[in-house]
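Right, one structure below, let's go through it.
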Amino acid sequence: MTFGKRLSELRKKKSLTQDDLAKRLYVTNKTVSSWEADRTEPGLEIIIKLAQILECSIGYLVYGDAPRSNIETEIKIKLSKEEFKQLDEFMKKKAKFLNESRQIDTYYQPTYRKFLHSGEINEWIRIGERGSKTILNYKNWHDNMYCDEYEVEVDNSENLRKIFAILGLEEIVVVDKYRKTYMYKNKYEIALDFVEELGYFIELEVKDYSKDPIDEYDDLIMLAKDLGLNLDHIDKRGHPYRLIFENNKK
């Protein structure tokens, strides 16, 4: 079930019309209609308000009933340079520093899936260089809100690239970033990134699950708000999507 269908179902259970819901959110009924038809998506500030009005969890609106076991529960948010510096100083005082590294990720897709011009990239395979380690990673996005993720360490990246070429996987984009990583409250991994061509970001990820992933996502949103982050700047699709989209506009 998509986000729009969940929203429509919950609204009807509360005996609210689209116009009723629109008035409570200070938007138009056409906007609500567009959400329910999955033509557009509300920002997370609106999703938080929707969850309050419809008396459901934020996680249910985002994930649905049954999140998969390999779902990655994280939020990535665009920052200004000043916000980046302030958050780095805060983490130095309040969190445990883990490491600082350069990460180079090369993304691939099958040649028969031509999403580059539309920017509608839903899945990819990634070879990630992490110092002496090479990680093979697969992601598949659903509803632009969350993704399935699987990864494994490999010991020969050159042979892996040759295999990709034989299988018809083509390189689509390279993401080059510098990352500082902290552990916050012994539960959340906080990464502060500078990404070449894109700028500054913060990534919040759940590392110690004590609840259902849906409820953990709710707590992650609240953590972002507590840190003073602008939820309207959440990057739902990731760096490769943004790089391809920006390059296509040039």
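Take I135 and decide whether it is in contact with a Gly (Cβ under 9 Å, 6 or more places away or on another chain), modelled with pLDDT of 85 or more, surrounded by fewer than 15 Cβ atoms within 10 Å (Cβ to Cβ) and not in a helix (DSSP H, G or I).
Numbers: in contact with a Gly (Cβ under 9 Å, 6 or more places away or on another chain): yes; modelled with pLDDT of 85 or more: yes; surrounded by fewer than 15 Cβ atoms within 10 Å (Cβ to Cβ): no; not in a helix (DSSP H, G or I): yes.
For I135, the condition - in contact with a Gly (Cβ under 9 Å, 6 or more places away or on another chain), modelled with pLDDT of 85 or more, surrounded by fewer than 15 Cβ atoms within 10 Å (Cβ to Cβ) and not in a helix (DSSP H, G or I) - is not met.
Scanning segment 194-217 for residues that are surrounded by 18 or more Cβ atoms within 10 Å (Cβ to Cβ) and either on the phi > 0 side of the Ramachandran plot or over 14 Å from the mean Cα position of the chain (by Cα) (or both) yields V195, Y200, P213, I214, E216.
Within segment 200-216, can you find the residues that are farther than 18 Å from R179 by Cβ and in contact with an Asp or Glu (Cβ under 7 Å, 6 or more places away or on another chain)?
Taking segment 200-216 first, the residues farther than 18 Å from R179 by Cβ are 208-216.
Hit for segment 200-216 is Y209, nothing else.
Yes or no: Y241 closer than 21 Å to E123 by Cβ, part of a strand (DSSP E or B) and at pLDDT below 90? It is false that Y241 is closer than 21 Å to E123 by Cβ, part of a strand (DSSP E or B) and at pLDDT below 90. Under the condition of being assigned to a strand (DSSP E or B) and at pLDDT below 70, the residues counted in segment 51-76 number 1.
I'm trying to understand the selection: among the residues of segment 30-46, which are in a helix (DSSP H, G or I) and of a type outside the set (V, I, T)? Step through it out loud before you land on a result.
First, the residues of segment 30-46 that are in a helix (DSSP H, G or I): 30-36, 44-46.
Passing the criteria: K30, S33, S34, W35, E36, L44, E45.
Six or more apart or on different chains, Cβ atoms under 6 Å: show the pairs whose first residue is in segment 219-240 and among the acidic types (D, E) and whose second is modelled with pLDDT under 90 and surrounded by fewer than 18 Cβ atoms within 10 Å (Cβ to Cβ). So the pair list comes out as D232/G43.
Screening Y112, Y184, Y108 for residues that are buried (at least 16 other Cβ atoms within 10 Å of the Cβ), at pLDDT below 95 and not basic (K, R) leaves exactly one candidate, Y108.
The values are calculated or read from the model by the stated rules, or taken from the named source; none is laboratory data. All figures in this text were calculated on a predicted structure; none of them were measured in a lab. Reconstructed Cβ throughout: ideal geometry from the backbone, glycine too, with neighbour counts over all protein chains shown.
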